[in-house]
Amino acid sequence: MAINSEVKCKQDDDWKTHPDIDGGWAWMIVFASFIIHVLIMGSQMALGILYVEWLDEFKESRGLTAWIGSLTIGITLIVGPIIGLFVNTCGCRKTTIIGGLVTALGWTVSAYATNVYYLFISFGVTAGVGSGMAYLPAVVMVGQYFQKRRALAQGLSTTGTGFGTFITTVLLKYLCIEYGWRSAMLIHGAINLNLCVCGALMRPSPALPCRRQLGNCEKNECNEKFEKDDIGQSEFTGCFDTDAIEEAGDDEDEQSPPQDQISEQMKQLDSNDTDKMEVVLREKYPVSILKTISHVTSNMKLGFWKWYSGYFGNKSLFSNRLFISFVFWALFAYCSFVIPFIHLPEIVKLYGFDEENDKIPLTSVIAIVHIFGKIFLGMISDLPIVSAWNVFVIANMTMCVCIFILPLMHTFAGLAIVCALLGFSSGYFSVMPVVTEDLVGLNNLANAYGIIICANGISALLGPPVAGWIFDVSNKYDYSFYLCGLLYLVGIGCLLIKPCLQKQSSEMTNEQNVKT
């Protein structure tokens, strides 16, 4: 059985009518993704509470201290392309479980920090990498389980960011008052172990392309295909998911005795039959071990080529001009979402609104309205008469206006209103995975979304420290928000050139068709 250079995935509708697509276990995936957003993104958006504690504890500048939160948020997103490799080789389930353990370790070790540089490594890098390993699979899995209700499902799962911000803000504030910030981080580290439970729920999706065909493919033929093809010209992309590969190989594994069958044979032998026992141990165990090693190696090889060809092959993501413009938007825009969460608690303190903010924290206002924004924008985007792209662009424009207006508000009520608008418009995050999938397709979603959140991470990494340094020089945050708004305008400009790029791409396609 030969494998062509272009793999013809079976175009059946079985997976679309599968009970776990748009229903059934799909909602458990949404629940797992929701909890992951609560524990990761919600916690990161509530870091303003710890930021104030770190300023009092270590007596460093605002710009330097802001690097702690920026590192963990930025690295969570920047490692996206690398985590895409883990997803392709290890599967979403294993990647998330490992990420949960690393995240919990980062929070726990950070409780023993002696200076901000210690926190750069323990919290910024360690917790950041762990969070990235859990975050990307949470988004990808929801996209694999939903077809008709993609935006709504992503909206519901990502509302965990809003719920998490609201809950974690209250929780961290209470724990810091009662036990101190060090004990608060220890307790939160233990809570983050629930990420491992969420990872265990990530059952492979029946919507994965070619999973049925893969079970019938002979592994040596697949390996031969990859050995013969030039890496840069391989079009064998997006067809394999490691979790699906493991299931597809179940039938093949039945052909040789697995470990439990060997153990059963051992039990059936009489204790005096030492010769037969030696034969079983000598012949069966090595075969089983070699088969397992070969199976794992083959899976990792296929996953690596899928990841590599997605970035560097002939049909790589970087040859898609629409996607490149989307990456530039992500690079300029995300700091506008992060800066208010990091610096708002101190802005309120500088304005003398501590008493009002204790009753109604502005970060909680953003978080609560953010929840409704995600659900509403997700539902609107799923309507057949509405373009998800247009909803995405309008929401971005609204948020940009809010960033410019925020420094002009000098009353608590005014700040609360702008923060509410900021939270609602930032609900476009529920539409972002849908827009990404529309640009690159489901097969390339993991790699593409990894690049997008990597660009977001660079923006998040640089934004808050720059805002802190501007304050150190000017003694006000106004200029930080104006600079942030200008960068956001550049990002929106990258979105608005989509019609021109589409027209250009269509003309190039027509020319190629004429030549052929």
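The values are calculated or read from the model by the stated rules, or taken from the named source; none is laboratory data. Everything numeric here is computed off the predicted structure, so don't read it as measured data. Don't worry about glycine lacking a Cβ; one is built from the backbone with ideal geometry, like all the others, and counts go over all protein chains shown. Note: areas computed on protein heavy atoms with side chains; ligands, DNA, RNA excluded. Shrake-Rupley method; radii C 1.70, N 1.55, O 1.52, S 1.80 Å.
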Got a sec to turn the phi values of the range 120-137 into Karplus ³J(HN,Hα) couplings, 6.51 cos²θ - 1.76 cosθ + 1.60 with θ = phi - 60°, whole Hz, x for Gly and Pro?
4, 7, 5, 9, x, 7, 5, 5, x, 5, x, 5, x, 5, 8, 6, 4, x
Taking 0.36 nm per residue of separation and subtracting the Cα-Cα distance, what length does fully extending I497 through L350 add?
48.9 nm
Tabulate in residue order the Karplus-calculated ³J(HN,Hα) for the range 360-370, using 6.51 cos²θ - 1.76 cosθ + 1.60 with θ = phi - 60°, rounded to whole Hz; enter x for Gly and Pro.
9, x, 5, 5, 6, 4, 4, 5, 5, 5, 4
Could you work out how much longer the chain between E178 and K359 gets when fully extended? Use 0.36 nm per residue separation minus the Cα distance between them, nm to one decimal.
63.4 nm
Given the protein chains as shown and a 1.4 Å probe, how many square angstrom of Y479 are accessible, to the nearest 10?
120
Rounded to the nearest whole Å², what accessible area per residue is found for the range 21-176 with the 1.4 Å probe?
29
Carbon/sulfur fraction of accessible area - the range 336-412, other protein chains in place, 1.4 Å, %
72
Give me the one-decimal nm value for the distance between modelled label points at I417 and I121, 7 Å along each residue's Cα-to-Cβ direction.
5.0
